[in-house]
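Okay, so here's the structure we're looking at.
Read-outs throughout are calculated quantities, based only on the coordinates presented, and are distinct from any laboratory measurement. These numbers come from a predicted model, not from an experiment. Quick reminder, even Gly has a Cβ in these numbers, built from the backbone with ideal geometry, and neighbours come from all protein chains shown.
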């Protein structure tokens with residue numbers, strides 16, 4: 001039986017569990033909402049009730065950021081925001097290249113929140129001559145042929161793939177060969193990458209798995 | 001202390017764990033890759049090795065779909081594909097409305113895979129007079145004012161929100177009041193919804209939490 005050994009998902013060992021990482025932005029959003037309401041302190045129980053999570057889980061998750069709550073008081077909202085953002089490295093901007101300046105690529109380039117998540121798109125690439133040398137939201141669209149050389153020279157770590165599925169693997173290869181070590185993939189395929197390369201699938205399919213199943217269960221009630 | 005009780009994330013009780021739901025599309029993609037290579041049978045170990053997961057976890061996850069592997073043989077690839085797609089209700093199309101026909105909305109409308117995930121966008125809505133009554137990839141853009149009436153009449157269950165963050169809550173309210181019970185939200189805010197409404201955040205922030213942290217840990221090695 002032939003099994004694809006290089007299949008890339010979950011290839012990279014990671015010390016913090018992925019479900020914890022996926023919950024941290026939810027805690028952060030909640031904390032920022034509380035901050036706006038001038039709430040200064042918050043307990044694990046407050047979190048757990050508002051987010052319908054187990055308090056022990058919340059405590060465990062937050063401990064990864066290095067912040068430990070005080071008994072009976074809980075956490076200082078501002079401190080915890082800083083700790084989570086620091087842990088996720090969202091208070092530092094990392095330069096990224098994007099390949100594929102179609103609708104999705106354009107949407108990602110124009111997504112104002114990206115900088116809040118530590119991503120700074122410095123250039124975008126496409127093979128369409130009508131797009132090359134234009135700008136989208138202030139970002140230059142360059143010939144995809146130039147990606148490799150520029151990524152090397154600019155020491156780019158993050159590549160965002162928004163090309164159609166049939167072209168995604170080729171673009172991914174160009175990126176990894178150019179020294180890019182983390183791929184944010186929007187193409188609905190499983191990319192094959194060198195060992196230690198990080199691939200995060202933007203996960204429309206994963207998001208829709210949750211939505212569809214919940215809807216099915218809701219209708220069955 | 002003022003805590004927002006209606007905070008919507010994880011509001012809906014669900015029998016299957018969300019991490020399992022998020023892994024099912026990954027198993028499915030892998031199975032389809034194997035199907036293309038004419039692999040007929042697959043064991044938990046094959047899965048676990050290829051996807052770097054614990055075999056017990058894989059077995060547990062797959063059991064939710066109602067399929068139990070045979071000892072020493074494992075699973076029939078075709079059967080398991082059908083079981084997962086059936087479990088996620090991806091073999092039935094559910095009609096959906098989309099609000100916000102900007103770049104992201106246009107990208108979602110044009111996303112060919114959506115039907116494979118059981119979502120059928122039947123109409124899109126915007127408030128921009130220059131967009132209203134045009135078509136995007138064969139989908140009519142209608143005045144947002146018409147959403148409520150049409151959603152009621154067409155018994156629409158799923159609403160996709162791709163409007164900017166400041167408008168998202170208002171659009172969400174229109175949708176839920178129009179009988180929409182599942183929201184796929186791309187706006188970077190926490191929507192407040194009636195009890196039992198399903199909200200799945202498309203989760204750029206969650207995806208980027210995983211990417212950023214993995215990259216930080218990779219650099220620290």
Taking the Cα atoms only, what angle lies between the long axis of helix B:204-220 and the longest principal axis of chain B, rounded to 10 degrees? 50
Kirkwood hydrodynamic radius, computed over distinct alpha-carbon pairs, for the protein assembly as shown: how many Å, to one decimal? 22.8
Two-decimal ratio, segment A:172-221, of alpha-carbon radius of gyration to 2.2 N^0.38 Å: 1.62
At 7 angstrom along the Cα-to-beta-carbon line, where would the label on residue B:71 sit relative to the other copies? Give the distances in nm, shortest first. 5.1
List the distances, in nm to one decimal, from the label point of residue B:113 to the label points of the same position in every other copy, shortest first, placing each label point 7 Å from Cα along the Cα-to-Cβ direction. 2.0
How much mean residue ellipticity at 222 nm does chain A get from its helices, if each DSSP H run of length 4 or more adds -39500 (n - 2.57) and you divide by all residues, to the nearest 500 deg cm²/dmol? -13000 deg cm²/dmol
Return, for the Cα atoms of segment B:133-221, the radius of gyration and Dmax in Å, separated by a comma. 16.8, 57
Please pull out the direction-averaged projected area of segment B:88-199, using the convex hull of its alpha-carbon atoms, in nm² to one decimal place. 6.6
Measuring nothing but label to label, 7 Å from Cα along Cα→Cβ, what are residue A:86's distances to the other copies in nm, shortest first? 5.2
Cα atoms only, segment B:10-140: Rg and Dmax in Å? 18.7, 62
For helix A:165-177, report the angle its Cα long axis makes with the longest principal axis of the Cα atoms of chain A; keep it between 0 and 90° and round to the nearest 10°. 90
Just check chain A against the gyration tensor rule for me: Cα atoms, a ≥ b ≥ c as the square roots of the eigenvalues, rounded for a/c under 1.5, and otherwise prolate or oblate depending on whether a/b exceeds b/c. prolate
Partner shielding of A:22-28, as the mean number of partner chain Cβ atoms within 10 Å, equals 6
Obtain the nm distance between the two label points defined at residue A:219 and residue B:112 by a simple spin-label model: each point lies 7 Å from its Cα along the Cα-to-C-beta direction. 2.7
Stokes-Einstein translational diffusion, segment B:114-166 - Kirkwood Rh over all Cα pairs, 1.567 mPa s, 4 °C, in µm²/s: 107
Relative to the longest principal Cα axis of chain A, at what angle does helix A:77-87 sit, 0 to 90 degrees, rounded to 10? 30
Relative contact order for chain B, counting Cα pairs under 8 Å that sit 6 or more residues apart, in percent: 18
Could you tell me how far the Cα centroid of segment A:135-214 sits from the Cα centroid of segment B:85-142, in Å? 24
Expressed in nm to one decimal, what extension gain is obtained for the pair residue A:177 and residue A:73 from 0.36 nm per residue of sequence separation less their Cα-Cα distance? 32.4 nm
